[in-house]
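Working notes, structure below.
What follows is calculated from the coordinates using simple rules that are stated; it is not laboratory data. Computed from a predicted model, the values in this text were never measured in an experiment. Using ideal geometry, Cβ is built from the backbone for each residue, glycine included, and neighbour counts are taken over all protein chains shown.
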């Protein structure tokens, strides 16, 4: 349960103001079909985070046990600092309406946008930290959906009203606290 809750909270907070949340706003504004956009985000997130979580669990099995708390802890602290840097979404990165349809366009755009993103790396680290693929993937997916479904449904008006800087600082604090806890829970 700890893996699920930690994963959901960290990813939900980290996703606020992230490029994939901005992509959710753009998709909603351009494609104007919330149900297939939300379904596409869900499918892309499950696929991306299942791969990332699997990599984390695999790494945890190959890295000496004494190193894992330090690697995971320092990684989470780095994510905390990274959370303070706002993401931008360039117009070239935003998909226009395509002949593939809203759902497929969303799946492809979201999956690609998530590659190398801090939430993907967080999923790898969470998989390594908890050695629990399913709770981590379900938690990170729930966190991703919690942050992006409102973005799709409410659109840009939500972004204008939310204090993104405060949310970034809270996300950074959660990542750093998780990193410190991971280092000291491992017998440091």
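Quick notes on this structure:
- As a proxy for reagent exposure, 37, 108 were ordered by neighbouring Cβ count within 10 angstrom, fewest first; the result is 108, 37.
- The range 1-68 and the range 126-141 have Cα centres lying 10 Å from one another.
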